[in-house]
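> Can you keep this structure in mind? I'll have questions shortly.
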Amino acid sequence: MFDISNAPFAFLDIETTGLSPWFGDRICQIAIVQTEGKRIKQTFDLLINPEQSLSPAALHVNALDENELKKFTTFSVDR
C-alpha cells in the first residue's frame, strides 16, 4: 500500500468575483501551495485585477480589497 504521509501534493485555490462565469464573474486570485509530507516546499500567489466589482458574497469569503486588486495586471485572453 502507498504511504502518502510524505507524498508530494499541490493545493490550488482560486478566488473569483462571484459564482457565475456565465454572467461575467472573473478570477481575481490564484494560489498554489506545494507540499511534501507536512513540509511546505513552495508557494505561489497571484492577484489579478478583475476589472469589475466583487459580489458581496465573494468579498465576505475571500476578504480581498477591491482597491488593492486594481493595482494588479488584468487577466486577458487573446482570441
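What follows is calculated from the coordinates using simple rules that are stated; it is not laboratory data. Since the structure is predicted, the reported quantities are computational estimates derived from the model, not experimental observations. When we count neighbours, we look across all protein chains shown, and the Cβ atoms used for this are built from the backbone with ideal geometry, even at glycine.
> Is it the case that some residue within segment 25-38 is loosely packed, with under 10 Cβ neighbours inside 10 Å, without any contact (Cβ under 8 Å) to a residue 60 or more places away in the chain and not in a loop (DSSP other than H, G, I, E, B)?
No; the residues of segment 25-38 include none that is loosely packed, with under 10 Cβ neighbours inside 10 Å, without any contact (Cβ under 8 Å) to a residue 60 or more places away in the chain and not in a loop (DSSP other than H, G, I, E, B).
> Taking the condition under 12 Å from residue 16 (Cα atoms), free of Cβ contacts under 8 Å to residues at least 12 places away in the same chain and over 12 Å from the mean Cα position of the chain (by Cα), does residue 59 pass?
yes
> Name the single residue that is nearest to residue 3 (Cα to Cα) among those in segment 39-55 being in a strand (DSSP E or B) and of a type outside the set (S, T, N, Q).
Residue satisfying both the conditions and the ranking: 39.
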